[in-house]
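Structure record follows, encoded as structure tokens.
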Amino acid sequence: MTNSAPGSVRIRDIVELRHLQATLLAGEAGLDNRVSWAHVSDALDPWNWLEPGDLVLTCGYIVPEEPRAQVRFVESMAGAGLSGIVIGEDDRCPHLSNEMLAAADRLGFPLIHGAHAVGFAQYVRFVAAANARGEDQSFTQIARVNGEVMASLRETLAGTEFIERLSRVVDCRLHVLDPESWESLIRGGETPDIAWKNAYDDEVRRSSGRAPFVMNLVVGERSALTMPIVGERSACLVAFPEGDTRPRLAVLQQIAAACALEIGRVDAAVERARRAGAGLLNDALNARLEPAVLTALFGERRLQGDLRVLAVDGRPAAIERLARRWLVRGVPFLLGEIGQVAVAVVRAVDVSQADLAERTTLECWRAGLSDPFAGPGNLADAVRQARWALETVSPDGSALALYGDRGPSFLPRTIAESKLAADRVLGPVIEYDREQGTELIKTLQVYLECDRSPSRAGELLFIHTQTVNYRITRIQELTGRSMRSTGDVSELWFALRALALAQVT
């Protein structure tokens, strides 16, 4: 099978040049393969580091020894669109099996024996000289990519429209994805089938857990190229060729750099949305705005109809991904924090309980979801419901809890009850912290979460173990409870949970 890579040199030209002394071993059907460039490679997976049309030059020690592995070696190179391979004379080169030669013949992938007297530099010089005029297309495409970037800044293009313009430059369908979640990082972007995610992960595992410069993925009869996008977050570019010609890697690199700029713009938009949402949420919970004004502001953000509150415990990265996901999908939301808990307001129609439950499991975070409610006037109650639902999830677990589904009967059911339960046990400690500016409540929380280990608590609080012991002694004096009593420890723990529930804002 003949490739269609750019370049005026063919494998036939290399084999027929007497001074190169190259001998075709197998793959005669690929003699008309075009050669874009010749690369000396010591990579065990050259198909992940070179681009379609490249000729591999190697002493042979990268060739596997086992026949079946040799067949896969040939299939991978042919599948990536490489033009052929020149194997020089070297004692480290294993015997080329009949199975390998047969695979090369079947795929039309040229296997060439390189004479010991001819250095690989001569192949490189010949291909470079012959293709001196063949790079014009790459330079033109790179110039077009740069032009699209400038146009996007002038026209404030973003999301899919910007990516579609870049796609037309290289005649590929492009996706900008988070390789971990396999979700689009661009507003309005689509996501390839999960089979491509599996193929991506398999290839990364074969590359010692790190994504190489470029990966050639194959699912069924389709193929795609992937390339890391360098930036502050993990991201990759996936390109599906639309025509017969694959894009040049130099051009894809420019596109990846352009996509990094677009990812940065989305990051900035997420941060702006979070800050604005946190301010409005705080004003709403503290009754700083008139009901009519608050309703109008919610309406401006398309937060109308039935709403729900989601409370998520900890893990800022997971919360940031959640906000980005909503922004990319055009889902309106408000996101703020109450203590160590993130609180989000979303439309009920935009919340899939199954999807949220799956994400809590995959990303290992705890979440509580309120009942649907109408209008910002009921926001405080919904926040309380979401936080109470969150409290029913084990601190060591990861799950989504719905309000009322599995709430323990011993927890308070109203804000007033929560304050009463907390004050009854922890009132003196709360008052002491307020007057002295200390952090006894925080110390108690961490101490109990660390199974009453002073050393572990000290590490988390960045204080000396003796300081932890002193604070715990002071807490016992103020509350009249002993850490040696299981009943007293239980009272302190449930009082802390009641205190958390009482802190709506």
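Return the equivalent ellipsoid semi-axes of region 136-264 as a descending list in whole Å, where each equals the square root of 5 times an eigenvalue of the C-alpha gyration tensor. Don't jump to the answer; show the numbers that get you there.
Numbers: eigenvalues 104, 55, 36 Å².
For region 136-264, the semi-axes come out at 23, 17, 13 Å.
If each Cα of region 197-315 is one equal point scatterer, what is log10 of I(q)/I(0) from the Debye formula at q = 0.10 Å⁻¹?
So the normalised log intensities work out to -0.56.
In whole percent, what relative contact order does region 136-264 give with Cα contacts below 8 Å and a gap of six or more residues?
Numbers: 183 pairs, mean separation 36.0, N = 129.
Result for region 136-264 is 28 percent.
Note the angle between two axes, namely the Cα long axis of helix 465-479 and the longest principal axis of the Cα atoms of the chain, as a number of degrees from 0 to 90, rounded to the nearest 10.
Result, in degrees: 30.
Compute the convex hull volume of the Cα atoms of region 9-130, divide it by the residue count, and report the result per residue in Å³ as a whole number.
Details: hull volume 10.2 nm³, N = 122.
In region 9-130, the Cα convex hull volume per residue is 83 Å³.
Enter the mean projected area of the convex hull around the alpha-carbon atoms of region 194-238, in nm², rounded to one decimal.
Numbers: hull surface 12.6 nm².
Computing the convex hull of the Cα atoms and averaging its projections yields 3.1 nm².
Where in the chain is the longest stretch that carries no chymotrypsin sites (Phe, Trp or Tyr not before Pro) classed as loop by DSSP and with at most 10 other Cβ atoms within 10 Å? Walk me through the numbers before you get to the answer.
Values: sites that count: PHE410, PHE462.
Longest stretch, sites excluded: 1-409.
Give me Rg/Rg_expected for region 415-502, where Rg uses Cα atoms only and Rg_expected = 2.2 N^0.38 Å with N residues. Kindly include the intermediate steps, with their values, before the conclusion.
Working: Rg = 12.3 Å, N = 88, 2.2 N^0.38 = 12.1 Å.
Normalised by 2.2 N^0.38 Å, the Cα Rg of region 415-502 equals 1.02.
Can you compute the modelled spin-label distance between ILE194 and GLU99, with each label point 7 Å from Cα toward Cβ, in nm?
In this crude label model, ILE194 to GLU99 measures out at 3.3 nm.
Please compute the Kirkwood hydrodynamic radius over region 254-343, one decimal place, Å, based on all pairs of different Cα atoms. Can you show the working numbers first?
Details: mean 1/r = 0.0695 Å⁻¹.
Computed over Cα pairs of region 254-343, the Kirkwood hydrodynamic radius comes out at 14.4 Å.
GluC sites (Glu not before Pro) within region 151-202: which are DSSP loop residues with at most 16 other Cβ atoms inside 10 Å? List each step's numbers first, then the result.
Numbers: sites: GLU155, GLU161, GLU164, GLU180, GLU183, GLU190; in loops: GLU180, GLU190.
Here the GluC sites (Glu not before Pro) that fit, given the DSSP loop and packing criteria, are GLU180, GLU190.
If the convex hull of the alpha-carbon atoms of region 62-206 is projected onto planes in all directions, what is the mean projected area in square nanometres? Let's see the in-between values first.
Details: hull surface 49.3 nm².
Mean projected area of the Cα convex hull: 12.3 nm².
Return the FRET efficiency for the residue pair GLU164, ASP202: r is the Cβ-Cβ distance, R0 is 30 Å, and the value is rounded to the nearest 0.05. Spell out each step's value before the answer.
Numbers: r = 29 Å, r/R0 = 0.97.
The pair GLU164/ASP202 has a calculated efficiency of 0.55.
For region 162-168, take each phi angle, set θ = phi - 60°, evaluate the Karplus expression 6.51 cos²θ - 1.76 cosθ + 1.60, and give the result in whole Hz per residue in order, putting x for glycine and proline.
For region 162-168, the Karplus-derived couplings read 5, 5, 5, 5, 5, 4, 5 Hz, x marking Gly and Pro.
What is the Cα radius of gyration of region 289-402 over 2.2 N^0.38 Å, N being its residue count? Provide the component values of the computation, followed by the final result.
On the way: Rg = 13.5 Å, N = 114, 2.2 N^0.38 = 13.3 Å.
After normalising by residue count via 2.2 N^0.38 Å, the value is 1.01.
If amide hydrogens are placed 1.01 Å from N in the peptide plane, which non-local residues have theirs closer than 5 Å to the one on ALA26?
LEU111
Would you work out the relative contact order for region 11-86, in percent, from Cα pairs under 8 angstrom that are 6 or more residues apart? Spell out each step's value before the answer.
Numbers: 97 pairs, mean separation 22.8, N = 76.
Worked out over region 11-86, it gives 30 percent.
Please report the projected area of the chain's Cα convex hull averaged over all directions, in nm². Walk me through the numbers on the way to the answer.
On the way: hull surface 124.0 nm².
Projected area, direction-averaged: 31.0 nm².
Take every Cα pair under 8 Å in the chain that's 6+ residues apart, average their separations, divide by the length, and report that relative contact order as a whole percent. Mind showing how you got there, number by number?
Details: 863 pairs, mean separation 47.4, N = 505.
Result for the chain is 9 percent.
Summing -39500 (n - 2.57) over the DSSP H runs of n ≥ 4 in the chain and dividing by its residue number, what mean residue ellipticity at 222 nm do you reach, to the nearest 500 deg cm²/dmol?
Values: 17 runs with 240 residues, N = 505.
Result for the chain: -15500 deg cm²/dmol, rounded to the nearest 500.
Calculate the FRET efficiency for ALA296 and THR473 from the Cβ-Cβ distance with a Förster distance of 60 Å, rounded to the nearest 0.05. Present the calculation step by step, with values, prior to reporting the outcome.
Values: r = 53 Å, r/R0 = 0.89.
That pair, ALA296 with THR473, gives E of 0.65.
Can you list residues from other chains, or at least 5 along the same chain, whose modelled amide H is less than 5 Å from the amide H of GLU337?
Close amide H contacts, sequence-distant or interchain: VAL343.
Taking every DSSP beta bridge with both residues inside the chain, roughly what % is antiparallel (nearest 5)? If you can, show how the numbers build up before the last one.
On the way: 42 of 57 bridges.
Here the share of antiparallel DSSP bridges comes out near 75 percent.
Mind checking the dipole of region 9-130: about its Cα centre, +1 per Lys or Arg Cβ, -1 per Asp or Glu Cβ, Debye to the nearest 20? Present the calculation step by step, with values, prior to reporting the outcome.
Numbers: 9 positive and 16 negative charges, 63 e Å.
Taking the Cα centre of region 9-130 as origin, the dipole is about 300 debye.
If Rh is defined by the Kirkwood formula over all Cα pairs and Rg also comes from Cα, what ratio Rg/Rh do you get for region 249-300? Intermediate values should be presented prior to the final figure.
Working: Rg = 18.5 Å, Rh = 13.6 Å.
Checking Rg against Rh, the ratio lands at 1.36.
I need the GluC sites (Glu not before Pro) found in region 16-66, filtered to DSSP loop residues with at most 16 other beta carbons within 10 Å of theirs. The partial results should precede the final answer.
Working: sites: GLU16, GLU28, GLU65; in loops: GLU65.
Taking region 16-66 and a limit of 16 other Cβ atoms within 10 Å, the loop GluC sites (Glu not before Pro) found are GLU65.
If the only charges are +1 at each Lys and Arg Cβ and -1 at each Asp and Glu Cβ, what is the size of the charge dipole of the chain around the Cα centre, to the nearest 20 debye?
Working: 55 positive and 66 negative charges, 225 e Å.
Using only the charged Cβ atoms, the result is roughly 1080 debye.
Taking H placed 1.01 Å from N in the peptide plane, check which residues at least 5 places from LEU57 or on another chain put their amide H under 5 Å from its amide H.
HIS39, VAL40, SER41, VAL86
Just so you know, all these numbers are worked out from the coordinates, no wet-lab data involved. Computed from a predicted model, the values in this text were never measured in an experiment. Note that we place each Cβ from the backbone using ideal geometry, even for glycine, and neighbour counts take in every protein chain shown.
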